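Read the figures in this text as sums done on the coordinates, not as results from a lab. Quantities reported herein were computed from a predicted structural model and do not represent experimental measurements. Cβ coordinates were reconstructed from backbone atoms using ideal geometry, including for glycine residues, and neighbour counts include every protein chain displayed.
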Amino acid sequence: MKKIIPVVILTIAGFLCAILIIGNIFHFLPASTSTPEISKSPLIPPTTHVPPYTTITYDFNNGQPVLSEGQNTPLNQTSNGLTAHFSSPSDPATYSIQSYDTTFYTLSQFSGNYLFDNKIVRDKLQISFSQPLSNITLTFATAEYYGAGHVDEPSIMKVTTYLYNNGGNKMIGSNTAQGIVTDNIFPQGTLSFSTQKSFNFVEIEMLPQQPGGTDFLIDNVVVTTAP
């Protein structure tokens, strides 16, 4: 018995030393160098030259090329000379063109076609523009039901703006908004961002909450070209 005890002690001590050595190795390993998805250079449409302070609307009804119900992202829309590229890191087919005729959703702030989230997982919508902007406003609906057994309050929507130039990027700013519950099927609201600087890329997302939904719809994206 007297011989067994020292052996056990030595075994435990060796095990503890091994743990310390391994811990130090991992402590000094370099941090992950993976690039965040947002830092990857997006597809920016060819440069256009719409006059400054021009207000342009993307309603998914009147732009070019003509969009059809069921058409998926990525997709382009040109309105009054300014091109917008709609996409998602989760593409292909993350969002699609839908309307009341295909979803039967009563949404009083929406009209005609709109962008609909196809997937049940949480997704981000990215929009890049063919020239810098100073303002963006859009209508949104969060696909969640309100009341007992559902969400306590509508989820928060966020827009983050960036300026991409010569392969680099700079975050300009962000803003949030929360929808309002009405007798419509989903909460709806308006999300906007305005700056004295300029941006040509935006990312739109619904922030996580419990309980809360994962999907959102957007319509009537209104932008103003920068000076």
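Within the stretch 63-187, all pairs of alpha-carbon atoms sorted by distance into 10 Å bins from zero give the percentages 10, 37, 39, 12, 2, 0.
Working value for the stretch 63-124: equivalent-ellipsoid semi-axes of 19, 17, 10 Å, each the square root of 5 times a Cα gyration tensor eigenvalue, largest first. Here each label is just a point 7 Å from Cα along the line to Cβ, and for Glu153 and Ala93 those points are 3.8 nm apart.
When Asp215, Asp101, Asp91 are sorted by how many other C-beta atoms sit within 10 angstrom of their C-beta, beginning with the fewest, the order is Asp101, Asp91, Asp215. For the stretch 105-121, putting each phi into the Karplus relation 6.51 cos²θ - 1.76 cosθ + 1.60 with θ = phi - 60° gives couplings of 7, 8, 9, 5, 8, 9, 8, x, 6, 8, 8, 10, 7, 7, 9, 7, 7 Hz, in residue order, rounded to whole numbers and with x for Gly and Pro. With neighbour counts taken as other beta-carbon atoms within 10 Å, the residues Ser96, Ser68, Ser198, Ser174 rank, fewest first, as Ser68, Ser174, Ser198, Ser96.
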